[in-house]
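Worksheet for the structure shown next.
The values are calculated or read from the model by the stated rules, or taken from the named source; none is laboratory data. Predicted model only: the values in this text are computed from it and were never measured. Here Cβ is always computed from backbone atoms with ideal geometry, including for glycine, and neighbour counts include all displayed protein chains.
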């Protein structure tokens with residue numbers, strides 16, 4: 001299952017795709033990064049139930065077979081871990097040391113969350129929807145909850161209704177245990193902590209939920225209001241990553257090298273990817289491949305005429321989205337160890 | 001200023017009253033505990049302004065003299081630090097090591113916050129009121145805000161309107177710098193982190209505020225809902241403390257000793273204080289002194305006929321409030337390092 005993946009942590013299991021292996025729009029299941037917070041729960045499809053409760057008129061539960069019998073949809077969505085690229089932070093910070101590959105793009109098949117919310121008879125005071133996974137364990141931050149907690153995240157009702165898919169298939173195959181069998185929420189455009197795996201419960205609330213993974217973890221300091229307020233991570237930030245060349249790779253002088261990678265944004269389409277070989281002094285447009293698709297990455301390439309002279313060279317890629325906002329050069333400390341999308345130069349040896 | 005107080009920390013200044021010196025309903029200003037998070041700001045009454053802004057129709061600012069010219073009220077209120085009694089926790093935890101004396105009762109004179117909110121023309125979407133102090137500095141928890149932050153706390157609009165006093169006098173004297181000159185919010189019944197000192201700004205918001213001191217600090221795990229949620233500390237928990245004898249004190253055998261102390265509750269009146277000399281096997285009613293007063297402590301005493309035989313004895317006090325809820329015997333780990341009101345036996349030597 002984990003063949004070819006970089007093991008960042010064995011227990012809980014955290015596996016990264018070597019981003020240099022990027023070969024197409026769809027990331028194969030066996031190459032897709034794996035992020036776990038606790039041991040992977042063993043779930044039997046026969047015994048598993050999904051409950052829908054809280055501020056609803058008619059709470060209910062669904063079996064796996066019932067879910068499979070509902071009208072399904074298939075969407076492409078790029079999932080990125082909120083800590084992707086963390087290994088490049090200076091000074092070093094705590095957390096799984098992800099390089100470039102805690103990101104992947106798959107097609108997901110399942111039932112829109114809205115179908116279940118419709119059936120539940122949402123009350124008029126419904127404000128948020130909590131998604132709870134079956135994975136649980138102890139956490140070690142202050143204040144520390146007494147005993148085990150389960151992994152859960154909430155969404156504003158609007159996002160839950162408009163965008164979320166409850167997926168039981170990934171790239172046409174039954175979801176694997178590592179990816180959340182039997183059911184994973186897919187929250188398009190958001191960092192992947194929102195895409196709760198091993199989903200077992202949906203709770204509609206009339207109050208903002210401030211669970212561990214949206215207060216002590218997976219948060220940042222939001223300064224858009226009158227005073228800094230701790231906010232749960234949400235939308236993926238615009239980013240381009242270079243798959244090849246890799247950092248430290250040797251490329252032939254005086255030749256044509258295909259620089260390529262992927263770019264994505266949680267809130268808009270990618271409209272431009274540029275590359276720079278002089279630390280941002282000048283930028284060349286890369287070619288965007290395929291069609292723009294909301295919430296899925298876009299592959300790009302650039303035919304690089306490598307220098308005639310041997311030596312060390314830098315390459316930077318940067319993406320701009322349809323709001324016209326390019327990736328930032330620097331990083332705000334208010335983002336803590338998350339949302340890492342500032343420009344990352346890589347070095348290659350021309351020989 | 002700090003004569004007779006226990007210095008728990010010099011910088012920032014944190015001073016505790018030796019609780020054995022409890023001598024009356026009012027804690028004298030010079031005996032009142034001092035809690036600071038940052039250096040004490042130097043504020044000139046002439047230059048100081050209080051601004052009222054946010055979700056209001058008519059933002060405005062007030063000078064010190066204007067505030068003094070408004071209709072005033074005087075209330076008695078007990079302030080207790082949310083970490084009071086922390087030194088008794090096992091295992092030891094981080095934070096200022098308060099004993100029994102991070103609590104005091106004073107009369108406060110000032111202007112009801114509601115008078116300012118009325119004048120501001122609250123908008124219909126007003127939800128919370130943030131109180132911001134002039135004290136600021138860096139904090140060291142993850143996620144760490146970039147740069148300095150000021151001390152601030154928010155209140156639900158209802159509490160802000162119904163109960164809060166903006167005090168410029170403490171026990172009839174002008175507020176001292178250590179106690180928040182020129183203005184301190186008094187939030188009766190709540191732990192004292194809500195009673196923001198050196199008040200400089202009032203911001204009405206339409207969203208829940210999740211500032212540092214109500215997310216990473218001064219919070220606990222609330223399990224009253226479907227899933228644990230991090231909640232800001234609020235109401236003081238019912239508690240009786242023994243002033244005398246002190247822990248480790250020697251008392252004369254076969255005599256009458258006046259066991260005495262204070263008891264308080266953030267949400268109800270104290271209706272009963274009991275003492276036990278057999279680790280809770282049996283309880284004797286103490287005598288409640290004075291009249292019950294909402295949000296102020298109640299003094300109590302018990303004439304103890306000490307044993308004829310020398311030896312070590314334990315004493316426990318427990319309070320019950322008008323909701324009939326006595327202090328808990330044990331402590332929930334979900335409270336972290338705060339809200340410490342479980343029963344605390346003290347030991348005395350009878351000789």
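The residues of the stretch B:279-293 that are farther than 17 Å from residue B:330 by Cα and out of contact with any strand residue (DSSP E or B) (no Cβ under 8 Å at 6 or more places or on another chain) amount to a single one, B:291.
Say whether the condition of being in contact (Cβ under 8 Å) with a residue 12 or more places away in the chain and either under 29 Å from residue B:269 (Cα atoms) or more than 14 Å from chain A (Cβ to nearest Cβ) (or both) is met by at least one residue in the stretch B:204-214. The answer is yes; a qualifying residue exists.
Residues of the stretch A:221-242 that are surrounded by fewer than 22 Cβ atoms within 10 Å (Cβ to Cβ), outside any loop (DSSP other than H, G, I, E, B) and in contact (Cβ under 8 Å) with a residue 60 or more places away in the chain: A:222 alone. The C-beta contact set for the stretch B:51-72 (first residue within 16 Å of residue B:184 (Cβ to Cβ), second residue modelled with pLDDT under 95, distance under 6 angstrom, 6+ apart or interchain) is empty. Could we say that residue A:172 is surrounded by fewer than 16 Cβ atoms within 10 Å (Cβ to Cβ), more than 17 Å from residue A:188 (Cβ to Cβ) and more than 13 Å from every other protein chain (Cβ to nearest Cβ) here? When the stated conditions are applied, residue A:172 passes them. Picking from residues in the stretch A:119-145 that are touching a strand residue (DSSP E or B) at 6+ places or on another chain (Cβ under 8 Å) and within 12 Å of residue B:228 (Cβ to Cβ), the one that is surrounded by the fewest Cβ atoms within 10 Å (Cβ to Cβ) is A:139. Picking from residues in the stretch A:6-28 that are farther than 26 Å from residue A:138 by Cβ and touching a helix residue (DSSP H, G or I) at 6+ places or on another chain (Cβ under 7 Å), the one that is surrounded by the fewest Cβ atoms within 10 Å (Cβ to Cβ) is A:21.
For (1) surrounded by 15 or more Cβ atoms within 10 Å (Cβ to Cβ); (2) away from chain B (no Cβ under 14 Å); (3) within 24 Å of the chain's Cα centre (by Cα), each residue gets a yes or a no:
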{"residue": "A:66", "(1), (2), (3)": "no, yes, no"}
{"residue": "A:71", "(1), (2), (3)": "no, yes, no"}
{"residue": "A:74", "(1), (2), (3)": "no, yes, yes"}
{"residue": "A:101", "(1), (2), (3)": "yes, yes, yes"}
{"residue": "A:106", "(1), (2), (3)": "yes, yes, yes"}
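Taking the stretch A:146-165 as the range and being at the interface with chain B (Cβ under 10 Å from one of its Cβ atoms) and under 17 Å from residue A:232 (Cβ atoms) as the test, the residues that pass are A:149, A:150, A:152, A:154. Checking A:95, A:4, A:101, A:54 one by one, the residue that is touching a strand residue (DSSP E or B) at 6+ places or on another chain (Cβ under 6 Å) and on the phi > 0 side of the Ramachandran plot is A:54 and no other.
All conditions in (1) under 20 Å from residue A:133 (Cβ atoms); (2) part of a helix (DSSP H, G or I) hold for residue A:20, with the sole exception of (1). Taken over the stretch A:328-351, residues that are more than 14 Å from chain B (Cβ to nearest Cβ), touching a strand residue (DSSP E or B) at 6+ places or on another chain (Cβ under 6 Å), outside any strand (DSSP E or B) and surrounded by fewer than 20 Cβ atoms within 10 Å (Cβ to Cβ) amount to 3. Out of B:263, B:286, B:319, I need the residue that is farther than 30 Å from residue B:95 by Cα and crowded, with 20+ Cβ neighbours inside 10 Å. Which one? Only one candidate passes the filter, namely B:286. All of B:192, B:185 fail the test of being more than 18 Å from residue B:73 (Cβ to Cβ) and modelled with pLDDT of 95 or more, apart from B:192.
Checked against (1) farther than 24 Å from residue B:234 by Cβ; (2) without any contact (Cβ under 8 Å) to a residue 24 or more places away in the chain, residue B:292 passes all but condition (1).
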